[in-house]
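Engineer: Structure in structure tokens, see below.
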């Protein structure tokens, strides 16, 4: 994480910090005496939750990784059925 600020700095610059987090999709570490927190844009947080959900199932994780590998290898499918067969969905 590139950006870290104190709790006092966050209080003084809350609006600007929130705008930066949302516009640049850059989380900000807020250092506090009672434990640090991370300020993250809701869009990024939702994306993290979705990724966690999708990768929770080992079978689904394998399918997603296979799809990424096929994309990286310039593998092309002419039909949806070909894709399903490749991913063992048929």
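Engineer: Which of the residues belonging to region 49-69 are surrounded by 11 or more Cβ atoms within 10 Å (Cβ to Cβ) and assigned to a helix (DSSP H, G or I)?
Structural biologist: The answer is 51, 54, 55, 60, 61, 62, 63, 64, 65, 66, 67.
Engineer: Another question, then. Taking residue 40 as meeting all but one of (1) at positive phi; (2) surrounded by 13 or more Cβ atoms within 10 Å (Cβ to Cβ), write down the number of the exception.
Structural biologist: (1)
Engineer: Quick check on my filter: what residues within region 34-48 are free of Cβ contacts under 8 Å to residues at least 12 places away in the same chain and either in contact with a helix residue (DSSP H, G or I) (Cβ under 6 Å, 6 or more places away or on another chain) or not in a helix (DSSP H, G or I) (or both)?
Structural biologist: 34, 35, 36, 37 - these are the residues of region 34-48 that are free of Cβ contacts under 8 Å to residues at least 12 places away in the same chain and either in contact with a helix residue (DSSP H, G or I) (Cβ under 6 Å, 6 or more places away or on another chain) or not in a helix (DSSP H, G or I) (or both).
Engineer: Right, here's the next one. Quick check on region 75-86. Is at least one of its residues modelled with pLDDT of 95 or more, touching a helix residue (DSSP H, G or I) at 6+ places or on another chain (Cβ under 7 Å) and at negative phi?
Structural biologist: no
Engineer: Could I ask something else about it? When you check residue 64 against the structure, is it closer than 30 Å to residue 2 by Cβ, assigned by TED's automatic domain parsing to the domain that holds residue 11 and touching a helix residue (DSSP H, G or I) at 6+ places or on another chain (Cβ under 7 Å), yes or no?
Structural biologist: no
Engineer: Let me ask something additional. Within region 1-28, can you find the residues that are within 15 Å of residue 45 (Cβ to Cβ) and in contact (Cβ under 8 Å) with a residue 24 or more places away in the chain?
Structural biologist: Across region 1-28, the qualifying residues are 1, 26, 27, 28.
Engineer: Is it the case that residue 23 is within 18 Å of residue 3 (Cβ to Cβ) and in the same structural domain as residue 8 (by TED's automatic domain parsing)?
Structural biologist: For residue 23, the condition - within 18 Å of residue 3 (Cβ to Cβ) and in the same structural domain as residue 8 (by TED's automatic domain parsing) - is met.
The values are calculated or read from the model by the stated rules, or taken from the named source; none is laboratory data. What you are looking at is a predicted structure, and each value in this text was computed from that prediction instead of being measured. Reconstructed Cβ throughout: ideal geometry from the backbone, glycine too, with neighbour counts over all protein chains shown.
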